[in-house]
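> I'd like to ask you about the structure that follows.
The values are calculated or read from the model by the stated rules, or taken from the named source; none is laboratory data. All figures in this text were calculated on a predicted structure; none of them were measured in a lab. Cβ coordinates were reconstructed from backbone atoms using ideal geometry, including for glycine residues, and neighbour counts include every protein chain displayed.
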């Protein structure tokens, strides 16, 4: 077992680590309670920008996990924090849902289609040809292109759905401009999460189920990385990559003391 005695703060992915198809995975509720009982700072991270932390807290509660909304950090919140640091009180044309529009509103951004500083793309089920066309024209006119996350597809009960990365690829093809992506695997997502709770990389652990986002971003952010095998990663998947997590565990149940 890798030494985690110095780890005093935890970041954890949500889907495939704590929940699967809306239901808590083995050990997840007990681990969250252990952190709460011992006053261990933690944040639950997700690249999904559709929902607000309040929405996600309610969804987790319905699945058997008690996670307060202030313990949730989304790619929408990370994007809003990034834009605020880059251009306080800026303007943006937004393709996204409430999680993203609310996060930008909360940091003082004005959302407009009149010569915005940024075009910001998040997860959405409601874009249409008119809004895509507007985004392309605004980027061509000089707006900077930002995306909350690179995920090309997302899950649903009926199969995969095209996600932020797929829509970003369409806009890139039409404009020749690649977006700056704030969410995982950009380690900035972890750094902004650590700033929120006053954590330091030397004493922070990251739990994830994906080598290509959670683990690589955790390594690049200098964190203790834990890969759990309750999501998409298996031995064959792990062998594809030239890097390794600090630990590989069957599930988060193995972290319970």
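> Within segment 63-83, can you find the residues that are farther than 21 Å from residue 213 by Cα and either over 16 Å from the mean Cα position of the chain (by Cα) or crowded, with 21+ Cβ neighbours inside 10 Å (or both)?
Step one: list which residues in segment 63-83 are farther than 21 Å from residue 213 by Cα, which gives 63-70, 83.
Of everything in segment 63-83, those that are farther than 21 Å from residue 213 by Cα and either over 16 Å from the mean Cα position of the chain (by Cα) or crowded, with 21+ Cβ neighbours inside 10 Å (or both) turn out to be 63, 64, 65, 66, 67, 68, 83.
> Right, here's the next one. If I ask for residues that are surrounded by fewer than 22 Cβ atoms within 10 Å (Cβ to Cβ) and in a helix (DSSP H, G or I), which ones from segment 84-124 would you list?
Correct list: 84, 85, 86, 98, 101, 102, 105, 106.
> Could you identify the single residue in 174, 199 that is on the phi < 0 side of the Ramachandran plot, at pLDDT 95 or above and part of a helix (DSSP H, G or I)?
Numbers: 199 fails: part of a helix (DSSP H, G or I).
Only one candidate passes the filter, namely 174.
> Output yes when any residue across segment 121-142 is touching a strand residue (DSSP E or B) at 6+ places or on another chain (Cβ under 7 Å) and free of Cβ contacts under 8 Å to residues at least 24 places away in the same chain, and no when none is.
no
> Also: Just for segment 143-162: of the residues that are touching a strand residue (DSSP E or B) at 6+ places or on another chain (Cβ under 9 Å) and either assigned by TED's automatic domain parsing to the domain that holds residue 232 or closer than 22 Å to residue 81 by Cα (or both), which one is surrounded by the most Cβ atoms within 10 Å (Cβ to Cβ)?
By that ranking, first place goes to 148.
One line per residue, one yes/no per condition, for (1) more than 16 Å from the chain's Cα centre (by Cα); (2) at pLDDT 95 or above; (3) under 24 Å from residue 217 (Cβ atoms):
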position	(1), (2), (3)
18	no, yes, yes
34	yes, yes, no
38	yes, yes, no
48	no, no, yes
61	yes, yes, no
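> Just the residues that are within 20 Å of residue 12 (Cβ to Cβ) and either touching a helix residue (DSSP H, G or I) at 6+ places or on another chain (Cβ under 6 Å) or in a loop (DSSP other than H, G, I, E, B) (or both), please, taken from segment 242-257. Outline the logic, then answer.
Start the filter on segment 242-257 by keeping residues that are within 20 Å of residue 12 (Cβ to Cβ), which leaves 243-257.
Passing the criteria: 243, 244, 245, 246, 250, 251, 252, 255, 256, 257.
> Now for a different question. So, in segment 1-42, how many residues would count as being surrounded by fewer than 19 Cβ atoms within 10 Å (Cβ to Cβ), without any contact (Cβ under 8 Å) to a residue 60 or more places away in the chain, in contact with a strand residue (DSSP E or B) (Cβ under 8 Å, 6 or more places away or on another chain) and part of a loop (DSSP other than H, G, I, E, B)?
Selection size over segment 1-42: 1.
> Can I ask one more? If only one of 169, 221, 236 is surrounded by fewer than 22 Cβ atoms within 10 Å (Cβ to Cβ), assigned by TED's automatic domain parsing to the domain that holds residue 129 and either free of Cβ contacts under 8 Å to residues at least 12 places away in the same chain or at negative phi (or both), which one is it?
169
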